[in-house]
Amino acid sequence: MEVVVSQKVINEGNVPFLMIVMGKNRRKIRQIMAGKKKISMVTCYDYSFASCLNKSDVDIILVGDSMANVCLGLSDTKEVSTSEMLNHTLAVAKGAPDKIIVADMPYAGCQKKTSRPQETAKKFIEAGADAVKVEWFRGCKKVIKNLINNDILVMGHIGLTPQTIHLLGGHKVQGKNKGSVDRLAKQAKQLQELGVFSIVLECMQQDAAKEITDILEIPTIGIGAGKYCDGQVLVLYDLLGLYPGKMKFVRRFSDLSVQIKDAVNSFNQEVKKETFPLEEESF
């Protein structure tokens, strides 16, 4: 049997990403990877927003360690703890039981303690995730091989990798020259050989992302990597206009920050005027 993945034809019997054992959505992953031209993924961190996404058409929810910046006001994704990530994964899983959920492996439970990633990853699966995402770092191949050998589904991540941003000279676009593109392509092929089911390409030149996408048999999901990836991911707070500031690759599909301000100001005025609560809003 052959499966079409984002215009790519793959022999199903040789595709590790179809062999999910521990997650709850094996069939749904198969359908999404096989049946859609483009894959959509949104980063979400809590029960309320996850409940909204559960009613949407989005394919995958990512519980990202960007929660450190977006929800906790921290300056670095490395500062978020494994227990915090697990709690938020549990909340998202409760809010979106019908969606595929991928959880970021936090720095503390993957790179800082490289002897315990299997234990950490299994906790994410037990919390409701169907897979974990591992950023590229020096020892990632050993970690990913171990996870996949233990039947844990893994999404890779190359390009701009926030957990090791200091090694990249800061927040800089990747794939600007041949040497950089060759390095990224090599990483992508190594991750594919290890058995990851897809790879996030973050903040890289569009042509570089296209070259990497074209050489792979597994899907790429881009964020700031142009239109040629097999899918796209954005942080929910960014696309809703909730997070202050705006990076070039972010499109705001709404401006909820203004609506929230207006709603709270209306509440404030009604309280001051003593027109809230009304009789029918009281017990």
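Under 5 Å between amide H atoms, partner at least 5 residues away or on a different chain: which partners does Ser198 have, H built in plane at 1.01 Å?
Gly156
Take every Cα pair under 8 Å in the range 138-252 that's 6+ residues apart, average their separations, divide by the length, and report that relative contact order as a whole percent. Walk me through the intermediate numbers first.
Working: 174 pairs, mean separation 24.6, N = 115.
In percent, rounded to a whole number, it is 21.
Tell me, what HN-Hα J-couplings in whole Hz come from the Karplus equation 6.51 cos²θ - 1.76 cosθ + 1.60 at θ = phi - 60° for each residue of the range 49-54, using x for Gly and Pro?
After applying 6.51 cos²θ - 1.76 cosθ + 1.60, I find 5, 4, 4, 5, 5, 4 Hz.
Counting Lys and Arg as +1 and Asp and Glu as -1, what is the net charge of the other residues whose Cβ lies under 14 Å from the Cβ of Asn177?
Working: positive: Lys172, Lys176, Lys178, Arg183; negative: Asp182, Asp207, Glu211.
Taking every Cβ under 14 Å from that of Asn177, the sum is +1.
Can you compute the label reach from Asn87? Point 7 Å from Cα along the Cβ direction, backbone N cut-off under 18 Å, restricted to the range 52-73.
Those under the cut-off are 63-73.
Once you've got the Cα coordinates, tell me which of Lys38/Lys141; Lys122/Lys227; Lys122/Lys142; Lys78/Lys133 are over 22 Å apart.
Details: Lys38/Lys141 27 Å; Lys122/Lys227 34 Å; Lys122/Lys142 16 Å; Lys78/Lys133 15 Å.
Where the Cα-Cα span goes over 22 Å, the pairs concerned are Lys38/Lys141; Lys122/Lys227.
Convert each backbone phi in the range 203-220 into a coupling constant with the Karplus relation 6.51 cos²θ - 1.76 cosθ + 1.60 (shift: θ = phi - 60°), then list the ³J(HN,Hα) values in order as whole Hz, x for Gly and Pro.
6, 9, 3, 4, 5, 5, 5, 5, 4, 5, 4, 5, 8, 9, 9, 10, x, 10
Sort Glu202, Glu281 by Cβ crowding within 10 Å, fewest neighbours at the top. Before the final figure, lay out each step's value.
Numbers: Glu202 22, Glu281 7.
Result, fewest neighbours first: Glu281, Glu202.
Return the whole-Å distance between the Cα centroid of the range 126-144 and the Cα centroid of the range 78-112.
Going from one Cα centre to the other spans 11 Å.
What ranking do Phe249, Phe124, Phe276 get, fewest neighbouring Cβ atoms within 10 angstrom at the top?
On the way: Phe249 16, Phe124 29, Phe276 13.
Least to most surrounded, the residues fall as Phe276, Phe249, Phe124.
Can you tell me how much longer the chain between Lys141 and His171 gets when fully stretched, taken as 0.36 nm per residue apart minus their C-alpha distance, in nm with one decimal? Don't skip to the end; give the middle numbers.
Details: separation 30, 0.36 × 30 = 10.80 nm, distance 2.34 nm.
8.5 nm is the gain from fully extending Lys141 to His171.
Quick check: residue separation of Asp207 and Lys37 times 0.36 nm, minus the Cα distance between them. What number comes out in nm?
Details: separation 170, 0.36 × 170 = 61.20 nm, distance 1.96 nm.
Stretched out fully, the Asp207 to Lys37 stretch lengthens by 59.2 nm.
Once fully extended, how much extra length lies between Cys52 and Ile260, figured as 0.36 nm per residue of separation less the alpha-carbon to alpha-carbon distance? The partial results should precede the final answer.
Values: separation 208, 0.36 × 208 = 74.88 nm, distance 1.66 nm.
Fully extending the segment from Cys52 to Ile260 adds 73.2 nm.
Would you grab the residues whose amide H sits under 5 Å from the one on Ile39? Only those 5+ places off in sequence or on another chain, please, with H modelled 1.01 Å from N.
So Ile39 has HN proximity to Gly231, Gln232.
Report the calculated FRET efficiency for Glu217 and Met247 (r = Cβ-Cβ distance, R0 = 35 Å), to the nearest 0.05. Write down the numbers at each step before the final one.
Numbers: r = 30 Å, r/R0 = 0.86.
That gives a FRET efficiency of 0.70.
Ranked by Cβ crowding within 10 angstrom, fewest neighbours first, how are Met85, Met41 ordered? Before the final figure, lay out each step's value.
Values: Met85 28, Met41 23.
Arranged by neighbour count, lowest to highest, Met85, Met41 become Met41, Met85.
All of the numbers you see were taken from the coordinates with simple rules; none came from a lab. Treat the numbers as computed from the prediction; the structure is a model and nothing was measured. Note that each Cβ is placed from the backbone with ideal geometry, even for glycine, and that neighbours are counted across all protein chains shown.
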